[in-house]
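First comes the structure, then the notes that go with it.
Taken together, the values in this text are just the output of simple stated rules run on the coordinates, not laboratory data. All figures in this text were calculated on a predicted structure; none of them were measured in a lab. All Cβ positions, even for glycine, are placed from backbone atoms using ideal geometry, and neighbour counts span all protein chains on display.
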Amino acid sequence: MKKILSVVLALVFCFALMSAATAEKAGEGLTIGIVYKQSGNAYFQAGVSGFEKAAEELGFTLMHDGPSDSSNDGQERIIRNYIDLGVDILCISANDAAGLVDVCNEARAQGIIVLSWDAKVDAEGRDLDIEPASAKAIGVQQLESIAETMGYEGKLAIVSAGATAPNQNLWIKYIEEELEANEAYSKIEYLGVVYGDDDYSKSYDVTKALIDKYPDLKGLIVPTTNGGPAVAKCIQDEGKVGQIKMTGLTLASDMADYIKAGIADATFLWNPIELGYVSAYVGVALANEELTAEVGATIEVPGFEGLEIIESDDGGLILYLNKLNPFTAETVDAWVDIL
Ligand code: RAM
């Protein structure tokens with residue numbers, strides 16, 4: 001009897017193991033096509049690694065690509081290619097929010113879920129936008145930081161990415177509104193925006209031109225990971241350490257030495273790995289109709305709490321991770337191996 005019981009138990013155990021091994025993962029049979037602003041950008045490589053982590057857990061197939069020239073046309077070509085390949089979900093960080101609306105709507109007409117992440121596609125061309133935090137919070141955080149560093153007076157400029165970049169332009173809009181509205185900034189002389197196109201050399205060159213034009217320049221906001229280290233290097237090469245300070249959105253590893261050299265008191269960034277990871281979970285849940293793209297819908301993602309779809313300022317749908325990390329001389333070393 002004992003023998004029969006142990007054989008039965010062994011069989012039950014085997015069946016349990018087999019069904020666990022064959023249990024379908026939520027993303028099996030689905031393909032995600034990621035489109036980022038430009039190839040070779042370490043920020044997006046980090047983002048892709050978040051999608052890859054999710055792919056291991058959920059079992060979807062992943063493709064990723066971005067134009068070498070940061071162009072809207074290049075992104076459109078990549079999207080058309082993904083449509084031909086039959087992807088189920090597009091995750092796009094746009095170089096031009098309006099420029100991709102038509103091709104995204106062609107994709108949606110074929111049943112493809114269109115998400116933007118990092119930099120939005122306009123509301124009429126997407127199902128949902130996924131962002132690290134509200135554009136106002138990200139913009140104002142940088143302004144508060146540099147204003148404090150500058151002692152709330154002196155000349156301030158912004159070295160941005162591309163002139164049509166949706167995320168940078170939104171952050172800048174809120175920075176400019178706050179400069180106007182908040183009395184605390186009345187002695188800051190705002191010089192406006194120059195564009196380094198998310199390119200190291202161009203960001204360096206436009207910074208040098210600014211420094212040549214305004215020898216008493218005091219502060220720079222650089223809301224781009226590609227621009228950050230270029231601007232810091234230029235400040236250093238021009239012998240302006242101590243006079244010109246910067247802040248911005250940067251990778252910790254790019255900026256650690258410059259922060260310790262006193263070129264920035266603080267820079268900021270969310271974790272792009274997490275942004276990719278959450279975007280993948282959201283895309284799969286939408287494709288499986290476990291999540292509906294509507295205000296108030298929530299999603300469970302391992303390691304995250306309170307992820308809820310809300311209405312965005314542009315009338316579309318948006319979901320925030322709500323995480324922004326400061327990198328200072330004290331904290332940056334804890335991040336350099338991550339970002
Ligand atoms: C660059 C890109 C990206 C932006 C970061 C902060 O890598 O412009 O879109 O989110 O900087």
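What the table shows:
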read-out: With Cα atoms, 0 to 90° folded angle of helix 42-58 axis to the chain main axis; value: 20
read-out: Loop trypsin sites (Lys or Arg not before Pro), the range 174-277 (other Cβ atoms within 10 Å of the site Cβ: 14 or fewer; DSSP); value: 187
read-out: Candidate aspartates and glutamates - alpha carbon under 18 Å from residue 323, same-chain residues fewer than 8 apart omitted; value: 118, 129, 131, 144, 274, 300, 305, 308
read-out: Rough spin-label spacing in nm, given labels placed 7 Å along Cα→Cβ, for residue 323 and residue 68; value: 3.4
read-out: Prolate/oblate/rounded call for the range 56-131, Cα gyration tensor, a/c under 1.5 rounded; value: rounded
read-out: Whole-Å distance, taken between Cα centres, linking the range 201-230 and the range 267-297; value: 33
read-out: Acute angle (nearest 10 degrees) that the helix 272-287 long axis makes with the longest principal axis of the chain, alpha-carbon atoms; value: 40
read-out: In range of the label at residue 212: residues from the range 228-259 whose backbone nitrogen is under 18 Å from the point 7 Å along Cα→Cβ; value: 231-240
read-out: Paramagnetic label zone (point 7 Å from Cα along Cα-to-C-beta, residue 57; backbone N under 11 Å) in the range 287-309; value: 300-305
read-out: Rg in Å to one decimal, and Dmax rounded to a whole Å, for the chain via C-alpha atoms; value: 22.8, 94
read-out: Filtered trypsin sites (Lys or Arg not before Pro), the range 28-127: DSSP coil and at most 12 other beta carbons within 10 Å; value: none
read-out: Degrees separating the helix 166-181 axis from the principal Cα axis of the chain, which is the longest one; value: 50
read-out: Loop sites in the range 97-204: GluC sites (Glu not before Pro), DSSP, at most 15 other Cβ within 10 Å; value: 153
read-out: Stokes-Einstein translational diffusion, the range 135-269 - Kirkwood Rh over all Cα pairs, 1.002 mPa s, 20 °C, in µm²/s; value: 151
read-out: Built amide H within the under 5 Å cut-off of residue 30, gap 5+; value: 61
read-out: Over 31 Å between alpha carbons, listed pairs 25/120; 173/218; 187/213; 136/245; 120/187; 173/208; value: 120/187
read-out: Percentage relative contact order, the chain, counting C-alpha pairs under 8 Å, at least six apart; value: 18
read-out: Share antiparallel - DSSP beta bridges, the chain, percent rounded to 5; value: 15
read-out: Mean ellipticity per residue at 222 nm, deg cm²/dmol - from DSSP H runs of n ≥ 4 across the chain, formula -39500 (n - 2.57); value: -13500 deg cm²/dmol
